[in-house]
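Okay, structure first, notes after.
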Amino acid sequence: MSPPHPPFDPMQQAQQLFAGHHPWLLSRLKARLRNTAEAQDVASETFLRVVAAPQPMRIDEPRAFLTTIAQRLLFTLWRRRELERAYLEALAQRQDELAPSPEERALLLETLETIAQALEGLPLKARQTFLLSQLDGLTYHAIAEQLGISHSTVRRHMTEAFRRIAIAQLQQQAGVLRAARHG
């Protein structure tokens, strides 16, 4: 008969995870990003996600677990950079008198990030549907054909994407209003 497992303590596990694997994760991220500050940010956010998990769990393969979380954070970072790069390229192509002010740019980038985060929770086909419609200008019928889904599924995906974006924008506006009142 094997000895009973000690009681599960999520905070103790998080502390042990951090102490035992933070240097390893940071080293991997530095090699991947080639930027110490960004690597430290991603490593910190990785451990923050572990601690903030809604339902703590016993982690049997800590390095695989941490790698998965860090990889998701890297994808988000890279997607944010790509959005910002595309936006800045579009701005560069506009005439100077039409270009937005730095404040307007910051607000537009924040809005793009809000939209990206709202779409993040959608299944892959739903995100693809939205992007094909809004970025590529495809019709719902063309999207259905390209993705191999029905026209009604395209409509359902678009409705859900717009619903999530509307909620995210309302939350963003509420945060701006709160900050203005308290600032």
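Residues that are touching a Pro at 6+ places or on another chain (Cβ under 8 Å) and modelled with pLDDT of 90 or more were ranked within region 1-42; the one that is farthest from Arg72 (Cα to Cα) is Gly20. Can you confirm whether Ala43 is under 26 Å from Gln13 (Cβ atoms) and in contact with a helix residue (DSSP H, G or I) (Cβ under 6 Å, 6 or more places away or on another chain)? For Ala43, the condition - under 26 Å from Gln13 (Cβ atoms) and in contact with a helix residue (DSSP H, G or I) (Cβ under 6 Å, 6 or more places away or on another chain) - is met. Output the residues belonging to region 58-75 that are touching a residue at least 24 places away in the same chain (Cβ under 8 Å) and either in contact with a helix residue (DSSP H, G or I) (Cβ under 7 Å, 6 or more places away or on another chain) or not in a helix (DSSP H, G or I) (or both). Once the filter is applied, which keeps residues that are touching a residue at least 24 places away in the same chain (Cβ under 8 Å) and either in contact with a helix residue (DSSP H, G or I) (Cβ under 7 Å, 6 or more places away or on another chain) or not in a helix (DSSP H, G or I) (or both), region 58-75 yields Arg58, Ile59, Pro62, Arg63, Leu66, Ala70, Leu73, Leu74. When residues in region 143-157 are screened for being in contact with a His (Cβ under 9 Å, 6 or more places away or on another chain) and not in a helix (DSSP H, G or I), 1 of them pass. Taking region 151-162 as the region of interest, how many residues are open to solvent by less than 50 Å² (accessible area, probe 1.4 Å) and more than 21 Å from the chain's Cα centre (by Cα)? So the count comes out to 2. Could you list all residues from region 114-138 that are part of a loop (DSSP other than H, G, I, E, B) and either open to solvent by less than 80 Å² (accessible area, probe 1.4 Å) or in contact with a Lys or Arg (Cβ under 9 Å, 6 or more places away or on another chain) (or both)? Once the filter is applied, which keeps residues that are part of a loop (DSSP other than H, G, I, E, B) and either open to solvent by less than 80 Å² (accessible area, probe 1.4 Å) or in contact with a Lys or Arg (Cβ under 9 Å, 6 or more places away or on another chain) (or both), region 114-138 yields Gly121, Leu122, Gly137, Leu138. Only one of the listed residues (Glu160, Glu89, Glu82, Glu104) is under 30 Å from His22 (Cβ atoms), part of a helix (DSSP H, G or I) and among the acidic types (Asp, Glu). That residue is Glu82. Taken over region 43-57, the criterion of being among the hydrophobic types (A, V, I, L, M, F, W, C), in a helix (DSSP H, G or I) and either free of Cβ contacts under 8 Å to residues at least 12 places away in the same chain or more than 14 Å from Leu73 (Cα to Cα) (or both) is satisfied by Leu48, Val51. Kindly evaluate Ile143 against the criterion of being of a type in the set (A, V, I, L, M), open to solvent by less than 30 Å² (accessible area, probe 1.4 Å) and modelled with pLDDT of 90 or more. In short, yes.
The values are calculated or read from the model by the stated rules, or taken from the named source; none is laboratory data. None of the values given here were measured: they were computed from a predicted structure. With ideal geometry, Cβ positions are generated from the backbone for all residues, glycine too; neighbour counts draw on all protein chains shown. Only protein heavy atoms, including side chains, enter the accessible area calculation; ligands, DNA and RNA are left aside. Shrake-Rupley method; radii C 1.70, N 1.55, O 1.52, S 1.80 Å.
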